[in-house]
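Remarks on the structure that follows.
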Amino acid sequence: MPNLPSEELSHLLARIALRDRAAFRALHDACAPKLFGICLRLLRDRREAEDALQEIFVKIWHGADRFATTVGNPSAWLNAVARNHAIDRLRQRKARYDGLDSARELADPAPGPEAQAITSDDGRRIDDCLGRLVPERAEAIRLAYVEGETYLDLSQRYDVPLNTMRTWLRRGLLQLRDCLAPVA
Amino acid sequence: MMLSDDDIALAGEYVLGAMDRAERSAIEARMRSDSAFAAEIARWELRLDPMLAEIPPEAPPALAWEALEDRLFAPPKRPAWAWFGFAGGLSTLLLGAVLWFGAPMQRQQGPLWISDLVSSDGQVRLAALYDEQRGEMRVSVGGDAPQQGRDFELWLIAGEAAPVSLGVMPRSGAAAMPIPDDLRALMAGATLAITDEPAGGSPQGRATGPVVALAPLRRI
């Protein structure tokens with residue numbers, strides 16, 4: 001989250017686990033814009049993103065103790081709660097529309113990671129590591145993670161069999177892990 | 001236990017999110033029983049998180065907070081001060097309760113709940129064992145004691161209610177505390193927390209100091 005340091009976020013999450021509503025409000029004010037941005041990007045539907053955002057904060061209220069009992073990166077945890085929820089909604093929607101034309105258009109590939117202005121060291125590091133992968137694999141990883149595309153979407157986009165796509169992503173992920181090794 | 005590269009890649013795939021719903025559910029089931037696998041998923045969440053930096057924040061809908069507040073907190077419609085009063089009364093009651101040391105734990109058949117509270121720097125540790133049948137909790141305190149003029153206070157967090165004080169912890173060693181009847185029903189699945197409070201415990205009856213450690217009560 002851009003406007004609060006990690007320590008402050010961890011403190012707020014610990015207070016939320018103690019059912020401190022003022023801390024919850026402060027966290028909401030600080031983090032709702034980023035989490036809403038994630039919902040909008042993945043769901044591409046403002047109304048659904050609004051519903052999702054509320055669900056996400058309900059999960060944060062109930063689940064803050066799970067973060068507070070671990071040592072971690074609070075903004076990554078919050079982002080993961082949001083992304084997970086949005087992805088679940090996408091996959092449910094997908095199941096509902098199975099057999100019909102998906103209501104969701106394949107997104108145009110957004111600018112690749114190298115075009116993004118990422119200021120943090122972590123951002124530069126992952127960009128650097130993505131840059132070492134075969135370009136299509138790096139892009140497929142980004143499309144899955146940031147745009148919510150499925151194996152099927154990706155295999156159609158790159159015109160390769162589903163299993164091949166899955167292999168691309170698995171190999172790409174393992175290469176990424178090796179490149180980012182200090183995190184693990 | 002070491003995970004194979006296959007499992008590490010699978011955990012990464014889950015975080016990537018490209019799989020269908022059935023496969024996601026299967027992985028979530030595995031996470032619940034395989035803590036090494038669950039930890040790998042948490043690592044992937046950390047590794048990939050910087051990719052989200054490209055997503056710009058967006059102003060959430062107007063009244064998002066009010067709607068959320070309504071949804072989570074509306075039913076009791078109780079002003080905040082009423083909670084403090086309620087918790088305050090209870091806390092005094094509990095602080096008055098006798099803490100006794102070294103009482104032998106009798107044999108019992110009822111369910112037991114444990115909670116391991118450890119501060120993030122590992123310096124403060126408290127283990128709690130709750131005997132459901134006897135309605136008694138025993139705690140054992142280790143590691144750093146609170147600073148002079150401060151005490152550690154133990155809180156019960158259950159559901160939506162404000163934390164309820166279970167009392168001030170001894171500076172070290174063990175203590176046994178009876179859990180009042182009205183709290184016993186809340187113990188299952190609740191969370192315990194330790195806060196750093198003025199000597200004798202929070203005067204307001206609600207947690208005021210920094211949270212030192214927090215952990216759920218788990219059935220054993």
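The values are calculated or read from the model by the stated rules, or taken from the named source; none is laboratory data. Just so it is clear, the model here is predicted, and its values are computed rather than measured. In this analysis, Cβ positions are derived from the backbone assuming ideal geometry, glycine residues included, and neighbour counts consider all displayed protein chains.
Could we say that B:Ala87 is at pLDDT below 85, in a strand (DSSP E or B), in contact with a Lys or Arg (Cβ under 6 Å, 6 or more places away or on another chain) and crowded, with 17+ Cβ neighbours inside 10 Å here? The answer is no for B:Ala87. Scanning the stretch B:168-186 for residues that are closer than 14 Å to B:Gly135 by Cα and surrounded by fewer than 19 Cβ atoms within 10 Å (Cβ to Cβ) turns up B:Pro178, B:Pro180, B:Asp181, B:Asp182, B:Leu183, B:Arg184, B:Ala185, B:Leu186. Of the residues making up the stretch A:148-183, those that are in contact (Cβ under 8 Å) with a residue 24 or more places away in the chain and outside any helix (DSSP H, G or I) are A:Gly148, A:Glu149, A:Thr150, A:Leu180.
Can you go through A:Leu4, A:Leu35 and tell me which one is crowded, with 17+ Cβ neighbours inside 10 Å and not in a loop (DSSP other than H, G, I, E, B)? Walk me through how you get there before you give the answer.
On the way: A:Leu4 fails: not in a loop (DSSP other than H, G, I, E, B).
Answer to the selection: A:Leu35.
Starting from residues that are buried (at least 22 other Cβ atoms within 10 Å of the Cβ) and not in a strand (DSSP E or B), keep the ones in the stretch B:203-216 and report whichever is nearest to the other protein chains (Cβ to nearest Cβ).
Of the stretch B:203-216, the ones buried (at least 22 other Cβ atoms within 10 Å of the Cβ) are B:205-207, B:211-214.
From what is left, the residues that are not in a strand (DSSP E or B) are B:205-207.
Values: B:Gly205: 13, B:Arg206: 9, B:Ala207: 5 Å.
Result: B:Ala207.
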